Each structure stands twice: as structure tokens, then as C-alpha cells.
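The values are calculated or read from the model by the stated rules, or taken from the named source; none is laboratory data. Everything numeric in this text was worked out from a predicted model, so none of it was measured. Methodologically, a virtual Cβ is constructed for each residue, glycine included, from the backbone with ideal geometry; neighbour enumeration extends over all protein chains shown. These accessible areas exclude ligands, DNA and RNA; they are computed on the full protein's heavy atoms, side chains included. Shrake-Rupley method; radii C 1.70, N 1.55, O 1.52, S 1.80 Å.
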Amino acid sequence: MLALPGYAAVSLFSGCGGFCEGVRLAGFEVRAAVEMDRFAAQTYRANFPEVALFQGDVHHFLNPGAEEWTREASRFEGVEEGKIDLLFGGPPCQGYSQIGTRILDDPRNELYLQFIRVLTALRPRLFIMENVPNMLLLAKGRFKREVLEAFAAAGYSNCDVQVLVASDYGVPQVRRRAIFVGIRDGEKLDEPVQDLIRDALDEEKQPVQTVWDALRDLPERTAIHYEPVSYPRSSVHNDILDEMRLDRDGRWYPAAGKALLLPPGGRRLHNHHTKEIQERRKKLIAMLAPGAKGDSLPKEVWNGLRPEKWRRLPLDKPAYTILAQMHRDLSEWVHPRFERWITVREAARLQSFHDGFVFHSSEWQMLKQIGNAVPPLLGRAVASAARQVLESLDGPARPIPLQRPRQGDLLQELHASLSVSASC
């Protein structure tokens, strides 16, 4: 049967595509994405070749006065008011790390205001905005109130915010995120959007996945440079391994979909490389038990700095938060069993990127991209809840795509479907 695209969505602050990956899993057609960082854009293009990517300043997106938009606008047909169901994204969070006297006017928060600008321009029926929970605590909650007021002024007064933990939704990592969800004024729901979203998210909760659940099949030996290595064999099955591995159907990822965009050369393990480790550091981390911090080391070894300076991932629990600062120093992300740092692929798995999602550019940039990303399985859960809101408005008439189409695949599938119909 022909799997038509679902609801139409636009992504802002897309990064390497973690949130987009989750939104696609929930049955949305991502029609456009915006990302300024050229390294993240390189990974995004490789994994989402069918999505129109605006690589540039978000200030210029949908801005008729910007030369960049005038030059690029023809590639974004259908990205206009009334044709988009969902706007989603997570403005960079640096502007929310300190309390200011005029928070919404802080230059670091200008990107948040750009989310509002695009929301006003597109008028989607629904939006999702993701950020760090700290933004809700600034100025004793004043910032949260002002954000909700800003959404209401933009025509989205039926809005809710809550803090989610990624490990509740199948991600092998304890990562907390604030999620704003709002519906356009004038849309009629049988119950408040916050009740519908909360109930839907409760239904999306999954069993807890541990670090070892996610990494146990990956080899101790890593790639010498960036080359792909032989794909590991494994007879062990669990929820997260079935989602991650290329040779298995997961609950949400079919095996065929995971391998769809792999580079030529057959099934290989990509991105299984990491930073070099000096012998003295290898001896130091050998003293760390799984889940232990620097303050567990002998006094003659630990220099009394913050305990998290040296930290080994646990075996039997989800990982602590994977951060972008990995690209500078991996001493907080020691493999739970091997005397080395985690690899790019292992970091990606802990964020719930499957093995067919290949990262590009330098190792430094890959780790940064992964740490900045929304975990795809968390994004899927939130987008699935958003889809339930839209289905409450429309009825569940739109099918969820079975797998990501390549450019041209939908047209080919349509032709094949028409041929079969004609022959009948």
C-alpha cells in the first residue's frame, strides 16, 4: 500500500537532525529545516536528502527583505501560512543560563524570538519548542510566565509546558528537557491541550534502557581513523538494541529504513572512533568502577577538583546527560567496561540515534552535534503526542509513513501503485 506523507512540519535550529528524526518517526513530513552551523548541516543533508534545508541565519528564513531568502525561496514551495501543521525546534540554550533583569530582551535570547517570528509567519496549528529546564526557573519563574504570554500574544494561548526525562521514553540516558506545546487559537478540542498532551505522553512511556543494554554488542577495538569497521554480530535482543542495530526491525525503525541512507559498501559500523588516550589516563580510569566519579579515586590520585571531572558511565542504569562539551574533553564519558573513552557511535546510541544515521565532518564536530541533539526517541514521543492532538481535530485519517522516502521514491511508488491498479 502507498504510504503517503503525514502532517506537514517545519524544523528550526535543526542541528544534525535528532528532533527531525523523531518527528519523522511520528508520521510527519518535514518540509523544511533551518540550520546555520555548516558542520551540522553536512550531517543533516546526508541523513535527510529529501528535506529542503536552509543553511543560514534563522533571521533570514521567510524574510522577504533578506537577500539569502530571496535567493533560496523557490526551494521552499509549500512552506507558507496555512500549509504547515507543526513548527518545532529548540533555540540554543546559552541565553537561559543566567538571570537577567530584562530576560526577553537579552541578546542571547534573540533566537527564541525568531521562533516566535516564524510561528507568526507560518501560523501552524501546533508548535513544539524544546529547551533546558533551567529556562523555567529563571527569575523565580518570571521567564516562564513571559514565554507563555509571548506565545499567547502570537495567537497560541492554549499552551502548556512540562519537563520530560528522556529515559522515560526509551532513550538510554537521563536527559531532562522543557517542552512547550501550543495549539493555534480558534482550534476546537474536546479537552484542554495540556490534558491531552500529558495523557498522550503517559501512553508513550517505555521501559528503562541501560547503558549496557545499548552498548553491549559494540567492540572494544575502535577504528584507527574515521573508516567504517566490520559490523558486530550479536544474538542478544532487547528494546534498544533492536532499535539501534541495522540487521533488526525495532518497534519504530524497520531494518530497511535504517540502512536506507548508508554509504556504499554494504552493512558496516560507522563512526566507531574516539579520541586517543594517554597511558597515564588509561591507568587512572582503570581505577574507576562503573558509575563512579573522581572522588572515588585514591587521595594520592584525585586532585580534589569537582568529582565529575572523571566519571565512568554506569552499566545497569541509563547514562547521565550526553553534552556537547564532549568534543573538548571525554573524561566525563568513560566506557563502562573498556579502558577508553566512548566512541562517536556509542555516544550516538546513548542519544538513541540508530546505526544507519551516519555523522559527518570532524570527530570534534560529530561529538558536538550529538551532544546538542534532541534524542530521536524523545522527539518521537513528543511528536506522537502532538499528532494525537491533530488527530483529535481531524480524526485519525492520515497514515504514518512506514519509512523515510528518498528523493523521488514517493513518485516511483505512486507510479507502481497506479500500474498495479491499471492491471487489475
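Among the conditions (1) open to solvent by 60 Å² or more (accessible area, probe 1.4 Å); (2) of a type in the set (Val, Ile, Thr); (3) assigned to a helix (DSSP H, G or I), Val208 misses just one, which is (3).
Among Glu243, Glu220, Glu191, which is loosely packed, with under 13 Cβ neighbours inside 10 Å and modelled with pLDDT of 95 or more?
Answer to the selection: Glu220.
What tally of residues in the stretch 29-43 results from selecting those that are among the small types (Gly, Ala, Ser), in contact (Cβ under 8 Å) with a residue 40 or more places away in the chain and under 18 Å from Lys368 (Cβ atoms)? The qualifying residues number 1. Cβ-Cβ distances below 6 Å connect the following pairs, each with a first residue in the stretch 140-167 that is under 25 Å from Leu189 (Cβ atoms), a second residue that is hydroxyl-bearing (Ser, Thr, Tyr), and a separation of six or more residues or different chains: Ala154/Thr120. For residues in the stretch 329-366 being polar (S, T, N, Q) and buried (at least 24 other Cβ atoms within 10 Å of the Cβ), which is farthest from Ala292 (Cα to Cα)? By that ranking, first place goes to Ser352.
Of Val211, Val193, Val229, which residue is touching a strand residue (DSSP E or B) at 6+ places or on another chain (Cβ under 7 Å) and within 30 Å of Glu110 (Cβ to Cβ)? Result: Val193 is the single residue among Val211, Val193, Val229 that is touching a strand residue (DSSP E or B) at 6+ places or on another chain (Cβ under 7 Å) and within 30 Å of Glu110 (Cβ to Cβ).
Scanning the stretch 310-328 for residues that are of a type outside the set (A, V, I, L, M) and open to solvent by 20 Å² or more (accessible area, probe 1.4 Å) gives Trp310, Arg311, Asp316, Lys317, Pro318, Tyr320, Thr321, Gln325, Arg328. Can you confirm whether Ala150 is open to solvent by 10 Å² or more (accessible area, probe 1.4 Å), of a type in the set (Gly, Ala, Ser), at positive phi and modelled with pLDDT under 95? In short, no. Please tell me if His237 is part of a loop (DSSP other than H, G, I, E, B) and at pLDDT 95 or above. When the stated conditions are applied, His237 passes them.
For the stretch 294-311, the condition holds for at least one residue, the condition being that it is in contact with a helix residue (DSSP H, G or I) (Cβ under 6 Å, 6 or more places away or on another chain), not in a helix (DSSP H, G or I) and not hydroxyl-bearing (Ser, Thr, Tyr). Is it fair to say Glu279 is open to solvent by 50 Å² or more (accessible area, probe 1.4 Å) and more than 18 Å from Glu21 (Cα to Cα)? Yes: the conditions hold for Glu279. For the stretch 230-264, filtering for residues that are without any contact (Cβ under 8 Å) to a residue 60 or more places away in the chain and in contact with a His (Cβ under 7 Å, 6 or more places away or on another chain) leaves 0. Criterion applied to Pro264, Pro254, Pro307 was being touching a Leu at 6+ places or on another chain (Cβ under 8 Å) and surrounded by fewer than 17 Cβ atoms within 10 Å (Cβ to Cβ), and the one residue passing it is Pro254. Inside the stretch 128-147, residues that are hydrophobic (A, V, I, L, M, F, W, C), open to solvent by less than 50 Å² (accessible area, probe 1.4 Å) and not in a helix (DSSP H, G or I) make up a count of 3.
Residues in the stretch 318-341 that are touching a Pro at 6+ places or on another chain (Cβ under 9 Å) and farther than 23 Å from Glu279 by Cβ: Pro318, Ala319, Tyr320, Ile322. Of the residues Glu220, Glu227, the single one that is assigned to a loop (DSSP other than H, G, I, E, B), acidic (Asp, Glu), free of Cβ contacts under 8 Å to residues at least 60 places away in the same chain and farther than 30 Å from Lys144 by Cβ is Glu227. Residue count for the stretch 38-77, restricted to those that are open to solvent by less than 60 Å² (accessible area, probe 1.4 Å) and over 24 Å from the mean Cα position of the chain (by Cα): 5. Cβ-Cβ distances below 6 Å connect the following pairs, each with a first residue in the stretch 188-205 that is free of Cβ contacts under 8 Å to residues at least 60 places away in the same chain, a second residue that is outside any helix (DSSP H, G or I) and surrounded by 13 or more Cβ atoms within 10 Å (Cβ to Cβ), and a separation of six or more residues or different chains: Gln194/Asp160. Candidates in the stretch 161-188 are the residues that are exposed (fewer than 15 other Cβ atoms within 10 Å of the Cβ) and part of a loop (DSSP other than H, G, I, E, B); of these, the one that is nearest to the chain's Cα centre (by Cα) is Asp185.
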